[in-house]
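Just below is one structure, and these are the notes that go with it.
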Amino acid sequence: MRLRPRTLRGRITLVFALVTVALSALVGVLVDIEYRSALNSALDETLETRFLAAAQEIKSASTGSTVRPVIPDAESFAQVIDVDGHVVAASPRALRRHAVLHAGELARARRHQLTVMRAAGPRGERSRLRAGPVGRAGQVVVVGTTLEETTHAQHRLELALGIGLPLLAVLVTVAGWFLAGAALRPVQEMIEDADVISARSARQLSRRLTVPEDAGEELAELARRLNHLLERIESALEHERVFLDDASHELRTPISIARGELELARLQTDAVADPETATALDSAMEEIERLDHLAVSLLVLARSRAAGPPPPTPFDVADTARRAVTTATAAGARAGSSSVMPTVSGDATVRGDAVAVERALRNLVENALRHARHRVEVVVDRDGDDVVVVVRDDGPGFPAALREHGIGRFGAGSEPEAHGGAGLGLAIVDAIVGAHGGSVQVGNARDGGAEVRVRLPQSAPAEVPV
């Protein structure tokens, strides 16, 4: 079980709470000890005053006279004990029956003053006693006061501390929660900026984190370092886009020339008289077709990543899927690679670039046609605020490496074997769908075969100001 809070704000608040509880407990203990000590000191001063008053009266009394009650306070009492341990005077008179001191304490009191705490009051209540020698040899005066009021005062203080300190700890913890939130607000703003920047549009990548100048030098320096990192990432992506764009354009011309020369050479070659040359030319033309497809895919990928947010134009996804199926089926028939007729079902509308979405769906259908045995299905459905397009076939399915690591360019499993493993089809799909604020999930159907789920929001992502 995880006990530590997941968020930094929660951890800071927990530290506030623990420190406050520890300090409150320490303060409570110290206040209680100091209060007890102050009460005992006050009692000792009062008893000392009463002891001196009683001793003075005894010294001034004549021999054999009766000592008058010197402390008539209902919460205080006094005894005069002779050398034989008998009580010769007491206030109140109920204490004349027996001495409040034991024999050992009485012996020490004849030598010096001492303080004793025990149940010794007129009603047997707990009391604090001061005893000491005075007057005639062996006489001891004992004055005392009950601890009922002192005990009640201590209990009231402990009750006040027991209620007040936990409330103080709660208030400090709540204040710590809000203080931590205020201190971390610039971090939350940086997170929101990062969420915006994480969009796939190149135009959104030009946005930078807001530098919180008034939130402390540490956060401001962190934002500046992250902005520097974003600049490097943007530069690297721009170089990649330019390279892909230039490479695709530069490749198209020599590929077209090579195709024309090969087609001319093939027309001039007799397959019966020179079958080996004819076969070699046919194989070279197939490779040229693959190179041309690769160049076109590179160009589409570069333009997909360089494009801004798609236009908020509504279009029917099912109609777009039917056009993609028609184009892919015609291409497959020309190549003689598949005789499967895909089916399209469902109905939904989204906002975005219909041409780009059609290109993405055509790539998925073409891939499904190359691997399907008898069936290719395109299902359009709504899921809350999203539209889900599922393209599935009954072929061998995606390899485990692609399902585990996801879509990547030039992966051996991300494009059909007919493309030699130079996978760009799913990467183009991912780029187009990502520009629409959607996602692509690849997997295998329960009954076998590949299954690609394209999730598109019904509203196109808005342009982000930079």
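The values are calculated or read from the model by the stated rules, or taken from the named source; none is laboratory data. Just so we're clear, the structure is a prediction, and the values are computed from it rather than from any experiment. FYI the Cβ positions are ideal-geometry reconstructions off the backbone, even for glycines, and counts take in every protein chain you see. In case anyone asks, the SASA skips ligands and DNA or RNA and just uses the protein heavy atoms, side chains included. Shrake-Rupley method; radii C 1.70, N 1.55, O 1.52, S 1.80 Å.
Pick from the stretch 145-182 the residues that are out of contact with any helix residue (DSSP H, G or I) (no Cβ under 7 Å at 6 or more places or on another chain) and not in a helix (DSSP H, G or I): which of them is farthest from residue 13 (Cα to Cα)?
146
Take the residues in the stretch 355-374 that are open to solvent by 30 Å² or more (accessible area, probe 1.4 Å) and touching a residue at least 40 places away in the same chain (Cβ under 8 Å); name whichever of them is nearest to residue 386 (Cα to Cα).
Looking at the filtered set, the residue picked out is 359.
Determine if the stretch 276-286 includes at least one residue that is surrounded by fewer than 17 Cβ atoms within 10 Å (Cβ to Cβ), at pLDDT 85 or above and on the phi > 0 side of the Ramachandran plot.
So far as the stretch 276-286 goes, no, none of its residues is surrounded by fewer than 17 Cβ atoms within 10 Å (Cβ to Cβ), at pLDDT 85 or above and on the phi > 0 side of the Ramachandran plot.
Taking residue 176 as meeting all but one of (1) under 26 Å from residue 54 (Cβ atoms); (2) open to solvent by less than 40 Å² (accessible area, probe 1.4 Å), write down the number of the exception.
Here residue 176 clears every test but (1).
Only one residue in 83, 29, 70 is among the β-branched types (Val, Ile, Thr), closer than 30 Å to residue 157 by Cβ and either at pLDDT below 85 or within 60 Å of the chain's Cα centre (by Cα) (or both), so which one is that?
29
Of the residues that make up the stretch 5-13, is at least one in contact with a Phe, Trp or Tyr (Cβ under 9 Å, 6 or more places away or on another chain), in a helix (DSSP H, G or I), open to solvent by 50 Å² or more (accessible area, probe 1.4 Å) and at pLDDT below 85?
Pass one, the stretch 5-13, residues in contact with a Phe, Trp or Tyr (Cβ under 9 Å, 6 or more places away or on another chain): 9-10, 12-13.
From what's left, in a helix (DSSP H, G or I): 9-10, 12-13.
From the residues that got through so far, the ones that are open to solvent by 50 Å² or more (accessible area, probe 1.4 Å) too are 9, 12.
Next, from what is left, pick out any that are at pLDDT below 85: 9.
Yes - at least one qualifying residue is present in the stretch 5-13.
Output the number of residues of the stretch 250-262 satisfying the condition of being touching a helix residue (DSSP H, G or I) at 6+ places or on another chain (Cβ under 7 Å) and of a type outside the set (Lys, Arg).
Of the residues in that region, 4 qualify.
In the stretch 34-43, is there at least one residue being touching a Lys or Arg at 6+ places or on another chain (Cβ under 6 Å), modelled with pLDDT under 90, open to solvent by less than 80 Å² (accessible area, probe 1.4 Å) and not acidic (Asp, Glu)?
Quick first cut of the stretch 34-43, residues touching a Lys or Arg at 6+ places or on another chain (Cβ under 6 Å) only: 43.
Now drop any that are not modelled with pLDDT under 90, which leaves 43.
Adding the requirement that they be open to solvent by less than 80 Å² (accessible area, probe 1.4 Å) leaves 43.
Imposing the further condition that a residue be not acidic (Asp, Glu) reduces the set to 43.
Checking the stretch 34-43: at least one residue is touching a Lys or Arg at 6+ places or on another chain (Cβ under 6 Å), modelled with pLDDT under 90, open to solvent by less than 80 Å² (accessible area, probe 1.4 Å) and not acidic (Asp, Glu).
So residue 198 passes all but one of these: (1) open to solvent by 50 Å² or more (accessible area, probe 1.4 Å); (2) at pLDDT 75 or above; (3) of a type outside the set (Asp, Glu). Which condition number does it fail?
(2)
Only one of 225, 252 is surrounded by 13 or more Cβ atoms within 10 Å (Cβ to Cβ) and among the basic types (Lys, Arg); which?
Going through 225, 252 in turn, just one is surrounded by 13 or more Cβ atoms within 10 Å (Cβ to Cβ) and among the basic types (Lys, Arg): 252.
If we scan the stretch 91-105, do we find a residue that is free of Cβ contacts under 8 Å to residues at least 12 places away in the same chain, surrounded by fewer than 14 Cβ atoms within 10 Å (Cβ to Cβ) and in contact with a strand residue (DSSP E or B) (Cβ under 6 Å, 6 or more places away or on another chain)?
No, because not a single residue in the stretch 91-105 is free of Cβ contacts under 8 Å to residues at least 12 places away in the same chain, surrounded by fewer than 14 Cβ atoms within 10 Å (Cβ to Cβ) and in contact with a strand residue (DSSP E or B) (Cβ under 6 Å, 6 or more places away or on another chain).
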